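Student: Please find one structure pasted underneath; my questions will follow.
The values are calculated or read from the model by the stated rules, or taken from the named source; none is laboratory data. No experiment lies behind these values; they were computed from the predicted model shown. In this analysis, Cβ positions are derived from the backbone assuming ideal geometry, glycine residues included, and neighbour counts consider all displayed protein chains. Just so you know, the surface numbers come from the protein's heavy atoms only, side chains and all, with ligands and any DNA or RNA stripped out. Shrake-Rupley method; radii C 1.70, N 1.55, O 1.52, S 1.80 Å.
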Amino acid sequence: MLADLHVHTTASDGTESPAGVVRRASALGLRAIAITDHDTVAGLQEAQDAASGSALVVVPGVEINTDYNGREVHVLGYYPRLESRFVALLRERAEARVRRIIRMVEKLNALGIAIRASDIMARAGGGSVGRPHVAAALVAAGAAADAREAFERFIGRGAPAFVPREKFHPAEAVRWITRVGGVPVLAHPGTIGDDRIIPELIAVGLVGVEVYHPEHDEDTTKHYLALAQQYGLVVTGGSDFHGEGYHASLGEVAVPYAAVQALRRLRRV
Ligand code: AMP
Ligand code: FE
Ligand code: FE
Ligand code: ZN
């Protein structure tokens with residue numbers, strides 16, 4: 001009875017389709033998965049269709065990428081109602097992603113790397129475009145041996161072709177998710193390095209924290225478990241699956257199905 005509450009698909013920078021992820025989760029005997037693509041809900045319908053009639057529960061979700069004083073902060077939202085104002089917000093976030101990619105391509109071109117924005121958009125296949133698609137294009141162009149090297153040499157924070165994300169505050173993401181009946185959860189806080197954000201986001205509606213994540217070691221996990229108890233936050237976790245051979249494998253990090261029930265109780269339909 002385990003749930004992997006953090007999964008990416010080809011709707012953003014995952015390498016497996018929503019239906020493919022559902023098949024894999026069923027084969028693993030998972031009770032539930034949440035589809036949490038970056039700044040898009042485009043993969044939800046396909047995943048839910050693929051799971052219909054099976055024992056697997058697909059939790060609809062999204063992972064909103066934000067900027068907090070120059071730090072990357074990700075806010076998970078479970079069960080958002082897909083109202084037009086929310087879809088419009090995500091469309092605007094997607095456009096910001098495209099603008100950022102174009103600026104990175106300009107920097108790469110200035111560095112003498114012949115790479116085209118249209119090629120990167122094609123790699124995203126109409127989904128939420130991101131740096132992993134740029135990394136793949138850099139590898140294809142022979143500018144880097146693998147994605148890791150592409151990030152290190154070109155597009156990682158501090159590298160010459162890095163462009164910061166356009167400003168979008170995590171409190172805005174929390175408010176938006178709440179506004180559409182969803183349940184906002186702070187993703188992998190161990191990667192942020194500043195816990196002051198937690199009470200700040202609780203003040204605007206944060207109700208959960210992702211305690212279990214592949215980037216959290218044992219001490220980090222214990223630390224956020226204690227903070228969750230202190231603040232009365234729902235504890236979630238997941239693999240942050242992006243495809244095989246990339247981060248963790250599906251279900252490698254999972255939480256009891258009770259976490260899904262806790263999220264369901266908090267949503268507003
Ligand atoms: P973006 O949202 O466009 O800034 O891209 C961020 C995504 O890039 C993350 O969600 C990861 O999937 C991936 N990523 C970040 N850093 C690295 C890295 N050093 N190596 C490989 N992938 C990375
Ligand atoms: Fe990603
Ligand atoms: Fe994330
Ligand atoms: Zn993620």
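Student: Provide a single number: the residues in segment 32-55 that are under 20 Å from Ala248 (Cα atoms) and out of contact with any strand residue (DSSP E or B) (no Cβ under 6 Å at 6 or more places or on another chain).
Tutor: So the answer is 1.
Student: Could you give me the residue pairs with C-beta distances under 8 Å whose first residue belongs to segment 204-223 and is at pLDDT 95 or above, whose second residue is of a type in the set (Val, Ile, Thr) and part of a loop (DSSP other than H, G, I, E, B) wherever it lies, and which are 6+ apart or on separate chains?
Tutor: Cβ pairs passing all conditions: Tyr212/Val253; His213/Val253; Pro214/Val253.
Student: Taking segment 23-44, which residues are under 30 Å from Glu95 (Cβ atoms) and either without any contact (Cβ under 8 Å) to a residue 12 or more places away in the chain or among the hydroxyl-bearing types (Ser, Thr, Tyr) (or both)?
Tutor: Within segment 23-44, Thr36, Thr40 meet the criteria.
Student: Name the one entry in Ala259, Ala203 that is away from ligand 4 (no atom under 15 Å from the Cβ) and either in contact with an Asp or Glu (Cβ under 8 Å, 6 or more places away or on another chain) or farther than 23 Å from Leu2 by Cβ (or both).
Tutor: Ala203
Student: When only residues in segment 212-256 that are away from ligand 4 (no atom under 15 Å from the Cβ) and among the polar types (S, T, N, Q) count, which is surrounded by the fewest Cβ atoms within 10 Å (Cβ to Cβ)?
Tutor: Top of the filtered list is Gln230.
Student: Kindly indicate the residue of segment 178-193 that is on the phi < 0 side of the Ramachandran plot and open to solvent by 20 Å² or more (accessible area, probe 1.4 Å) and also nearest to ligand 4 (Cβ to nearest atom) among those meeting that condition.
Tutor: Thr191
Student: Output the helices (runs of 4 or more DSSP H) that fall wholly within segment 1-119 and possess 3 or more residues being open to solvent by 20 Å² or more (accessible area, probe 1.4 Å) and within 30 Å of Phe154 (Cβ to Cβ), or say none.
Tutor: Filter on segment 1-119 gives 84-110.
Student: Right, here's the next one. I'm trying to understand the selection: among the residues of segment 224-257, which are without any contact (Cβ under 8 Å) to a residue 60 or more places away in the chain and hydrophobic (A, V, I, L, M, F, W, C)?
Tutor: Leu225, Ala226, Leu227, Ala228, Leu233, Val234, Val235, Ala248
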